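Remarks on the structure that follows.
The values are calculated or read from the model by the stated rules, or taken from the named source; none is laboratory data. Remember, predicted model here, so these are calculated numbers, not experimental data. Cβ sites come from the backbone with ideal geometry, for glycine too, and all protein chains shown count toward neighbours.
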């Protein structure tokens, strides 16, 4: 069974992406990892080149005119996917702020072996942990997506969908998936507040025009995490080993009173509907194996 990893990145150092840790977290499960390295203003290319011989790089140029719905992210994802080995049985996607826990490697390997020859299965579905403000808090509100596809079978007309959060199959079909029985640790909202503010000012350019940015994005030196909090809980588990050094070197402090952040009415309603069998969460996939 051959597994190819793939991802994309640009300006990882300036925007403080844990891309090295993201790639390292899937390397033990992959025969290769293809990285589409976009035209950067920092030393991102050298950083990716230093990771591991199994990492293969394609240099790309982002189309900065694509400023609607994060479309350029899907374009870059598809470039990386197109460059994987043609004989790969599985393609393992990881974004630059996502990390896989080594405790889940065995389950992921088992799921890939189990469904390798199941022609009905297009991909594997992962559970998400979204960290916010620091490595000590995890989002628990319905505002966070709960699951997403991160392993797919290449060669089936599968492409990155919309803003690269998930995948679809031509012409516009949801993928049929099975559970990976594993987690994605999402650290996109865990950065030095200065880097987080810079990310906000730059990242929204991929979704909106300058007029929207001027109206909605506050220009500041530091990002104010308190301004954007939904429901949080203290994280009581362990982080992946490859992220521990980054956690130890963090140079900011974030604490909040989680009891102050009450559940919003729409989330209370969603929870109640789910209890009676009506799940209102958006799902860009069809779960066919449990």
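Numerical summary
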| quantity | calculated |
| --- | --- |
| Qualifying residue in segment 205-218 (condition: in contact (Cβ under 8 Å) with a residue 60 or more places away in the chain and within 18 Å of the chain's Cα centre (by Cα)) | yes |
| Of residues in segment 204-237 being closer than 18 Å to residue 130 by Cα and assigned to a helix (DSSP H, G or I), the one modelled with the lowest pLDDT | 228 |
| Failed condition for residue 146, given (1) closer than 22 Å to residue 105 by Cβ; (2) modelled with pLDDT of 95 or more; (3) under 15 Å from the mean Cα position of the chain (by Cα) | (2) |
| Failed item, numbered, when residue 198 is tested on (1) assigned to a helix (DSSP H, G or I); (2) without any contact (Cβ under 8 Å) to a residue 60 or more places away in the chain | (2) |
| Any hit, segment 272-279, residues being at pLDDT 80 or above and surrounded by 10 or more Cβ atoms within 10 Å (Cβ to Cβ) | no |
| Residue pairs meeting the criteria (Cβ under 6 Å; at least 6 apart or on separate chains; first at negative phi and touching a residue at least 12 places away in the same chain (Cβ under 8 Å), in segment 82-98; second crowded, with 22+ Cβ neighbours inside 10 Å and in a loop (DSSP other than H, G, I, E, B)) | 91/84; 92/30; 96/17; 97/17 |
| So residue 145, is it under 24 Å from residue 195 (Cα atoms) and surrounded by fewer than 19 Cβ atoms within 10 Å (Cβ to Cβ) | yes |
| Of residues in segment 112-133 being assigned to a loop (DSSP other than H, G, I, E, B) and touching a strand residue (DSSP E or B) at 6+ places or on another chain (Cβ under 9 Å), the one surrounded by the most Cβ atoms within 10 Å (Cβ to Cβ) | 122 |
| Any chance residue 40 is out of contact with any helix residue (DSSP H, G or I) (no Cβ under 6 Å at 6 or more places or on another chain) and farther than 22 Å from residue 159 by Cα | yes |
| Looking only at segment 164-194, and only at residues there that are free of Cβ contacts under 8 Å to residues at least 40 places away in the same chain and assigned to a loop (DSSP other than H, G, I, E, B), the one that is farthest from residue 243 (Cα to Cα) | 171 |
